[in-house]
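> I have a structure I would like to understand better, so I am pasting it below and will then ask my questions one at a time.
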Amino acid sequence: MTGEEMIALSKKHTLFEWSAQGAVEPIPVSRAEGVYFWTPEGQRFIDFNSQLMCVNAGHGDPRIIAAIQRQAAALAYVNPFMATEPRARLGAKLAEIAPGDIDVFFFTNGGSEANENAIKLARLATGRRKILARYRSYHGATGGSVTLTGDPRRWTSEPGIPGVVHVLDPYHGIERGWDSAEQALAMLEEVIQLEGPHTIAAFILETVTGTNGILVPPDGYLQGVRDLCTRHGILMICDEVMSGFGRTGEWFAVDHWHVVPDLLTMAKGLTSAYVPLGAVGMRQAVADHFKDKVFYSGLTYNSHPLACAAALAAIHVYEEDGLLEHARRMGAIMKTLMADLAARHPSVGATRSIGLFGVIELVRDRQTRRPLAPFNGTSDEMKALSRFFREEGLYTFVRWNTFFTNPPLIITEAELRGAFGIIDRGLEITDRATG
């Protein structure tokens with residue numbers, strides 16, 4: 001098909017997510033390799049968002065593809081009441097790389113379902129009903145996960161499931177900035193006190209907040225959350241759907257702070273997105289609760305053999321190619337490149353990154369720190385920047401007054417600098433809007 005044919009039939013017969021259908025302008029994609037993808041007509045894009053922060057091993061890795069092919073030929077599917085070799089091996093491998101005594105896993109179809117099942121596990125294990133979640137968060141679009149979500153994607157699904165209580169984050173937007181860890185923890189403890197700690201099953205948080213701005217927690221915050229949860233018998237759930245599998249330069253972002261949550265959700269980089277798969281990892285004490293009690297949940301594609309085989313192959317690629325170490329090295333270079341942009345472009349109000357997980361936040365005025373687009377909105381300048389990136393062959397996620405820098409972990413320094421060269425030129429557009 002031509003690109004125009006792909007777009008026309010897709011728009012006629014399918015719905016695009018999070019969009020008014022008349023306004024969508026999809027990029028037609030025919031193939032991808034490494035850090036690039038191409039339209040049918042041959043336009044090349046550098047994938048500077050790893051699609052949706054998920055193609056961590058890059059596109060078209062032959063080792064992952066071969067693993068999927070071998071598994072499809074041997075055993076494409078059995079129901080989840082049965083045991084298979086890829087299921088067995090993947091559970092053991094995840095136990096090896098997950099923090100602490102997170103040794104038991106329930107497999108799902110993706111990240112949203114992982115978070116759904118994490119709150120089921122927490123409620124069943126504690127006998128409590130309330131779940132704390134943060135406002136600057138995204139946990140998925142299914143019924144429970146979208147209620148956990150704090151950002152405006154939650155609004156049209158309300159009232160949602162009962163028992164979810166949202167709390168403020170350490171970050172209050174570019175105009176107000178950050179609380180200290182101590183201030184944020186004091187606020188959280190007050191909410192716990194007011195809600196009644198004996199009523200709260202769990203606190204779910206993205207270890208490093210993803211689409212709400214790559215918010216790297218201040219040192220001491222995660223350790224303090226861990227202490228509060230332990231003191232009150234509340235399960236700590238870390239959502240690592242985006243931040244897991246090398247994205248931050250460690251297997252999981254919690255590893256930077258040496259924190260072990262009670263439940264750990266994952267997806268995306270688990271298979272490098274070659275096949276859909278998510279999982280909930282749990283500490284042994286949580287798993288032990290279900291030795292003589294029923295876990296009331298299930299999915300037709302739980303532990304799907306193709307997905308488990310893809311995950312094992314992806315993890316092998318991360319290890320064989322040293323991609324965690326590479327992400328740390330490239331992440332240090334990316335941080336320097338971001339700082340250079342901030343020094344030279346008045347529209348850059350803030351840059352944040354950890355490993356190859358980054359964001360650039362744009363402002364109209366550095367004195368007032370007024371965002372270049374309103375909360376949950378856009379602006380002519382942000383639209384123009386997005387168009388420029390598309391015309392120049394750089395694909396990334398542009399949202400509100402931010403855009404993201406989340407390339408595949410395989411990116412080279414030359415490719416990284418090439419992408420930042422496009423960004424540098426694009427920021428001339430937004431600089432013109434500054435006062």
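> Only Lys, Arg, Asp and Glu count, each charged at its Cβ (+1, +1, -1, -1), so figure out the dipole size of the stretch 290-401 about its Cα centre, rounded to 20 debye.
520
> Under the √(5λ) rule applied to the eigenvalues of the Cα gyration tensor, what semi-axes describe the equivalent ellipsoid of the stretch 304-420? Give them in Å, descending.
Ellipsoid half-lengths, sorted descending, are 31, 17, 13 Å.
> Please report, to two decimal places, log10 I(q)/I(0) for the stretch 62-320 at q = 0.07, 0.10, 0.15 Å⁻¹ as given by the Debye formula with identical point scatterers on the Cα atoms and no solvent.
-0.23, -0.47, -1.05
> Sticking with this structure for a sec: How big is the charge dipole of the stretch 187-299 about its Cα centre, in debye rounded to the nearest 20, if each Lys and Arg gets +1 on its Cβ and each Asp and Glu gets -1 on its Cβ?
Dipole magnitude for the stretch 187-299 comes out near 340 debye.
> Arrange the peptides 16-28, 144-156 so that the one whose residues have, on average, the most other Cβ atoms within 10 Å appears first.
The packing order, highest mean first, is 144-156, 16-28.
> Under the rule a/c < 1.5 gives rounded, and otherwise a/b versus b/c splits prolate from oblate, where does the stretch 113-263 land using the Cα gyration tensor?
Rounded, because the longest to shortest axis ratio a/c is under 1.5.
> Mind pulling up the Rg/Rh value for the stretch 10-65? Radius of gyration and Kirkwood radius, both on Cα.
My calculation of the ratio gives 1.02.
> Once Rh for the chain is found with the Kirkwood sum over Cα pairs, what is the Stokes-Einstein diffusion coefficient at 37 °C and 0.692 mPa s, in µm²/s?
Using the Kirkwood radius from Cα pairs, D works out to 146 µm²/s.
> Also, I was wondering about something else. So, with +1 on the Cβ of K and R and -1 on the Cβ of D and E, and no other charges, what is the size of the charge dipole of the chain about its Cα centre, to the nearest 20 debye?
600
> Jot down the per residue volume, in cubic angstrom and as a whole number, of the convex hull over the alpha-carbon atoms of the stretch 324-375.
Expressed per residue, the convex hull around the Cα atoms of the stretch 324-375 is 64 Å³.
> How large is the helix-only mean residue ellipticity at 222 nm for the chain, computed as the sum of -39500 (n - 2.57) over DSSP H runs with n ≥ 4, divided by its residue count, in deg cm²/dmol to the nearest 500?
Taking each H run of at least 4 residues, the total per residue is -12000 deg cm²/dmol.
> FRET efficiency for Gln284 and Trp18, Cβ-Cβ distance as r, R0 = 51 Å, nearest 0.05?
0.85
> For the stretch 62-320, what proportion of DSSP beta bridges, expressed in % and rounded to the nearest 5, is antiparallel?
For the stretch 62-320, the DSSP antiparallel bridge percentage is about 45.
> Could you tell me which of rounded, prolate or oblate describes the stretch 18-130, using a ≥ b ≥ c as the square roots of the eigenvalues of the alpha-carbon gyration tensor, with rounded for a/c under 1.5 and, failing that, prolate when a/b is larger than b/c and oblate otherwise?
Since a/c reaches 1.5 but b/c is at least a/b, the shape of the stretch 18-130 is classed as oblate.
> Can I ask one more? Can you tell me the alpha carbon radius of gyration of the stretch 157-199 divided by the globular rule-of-thumb value 2.2 N^0.38 Å?
Scaled against compact globular proteins, the figure is 1.41.
> What is the extension gain from Thr199 to Glu85, computed as 0.36 nm multiplied by their sequence separation minus the C-alpha to C-alpha distance, in nm to one decimal?
37.0 nm
> Sorted by mean Cβ packing within 10 Å, highest first, what order do the peptides 7-13, 224-230 take?
Per-residue mean Cβ counts within 10 Å order the peptides as 224-230, 7-13.
> Leaving out same-chain residues fewer than 8 places away, which lysines sit with a Cα under 20 Å from that of Lys293?
Lys120
> Counting only C-alpha contacts under 8 Å and six or more residues apart, can you give the relative contact order of the chain as a whole percent?
Computed value for the chain: 20 percent relative contact order.
No value in this document is a laboratory result; all are computed from the given coordinates. Here the structure is a predicted model, which means the values were calculated and not measured. So basically every Cβ, Gly included, is an ideal-geometry build from the backbone, and we count neighbours across all protein chains shown.
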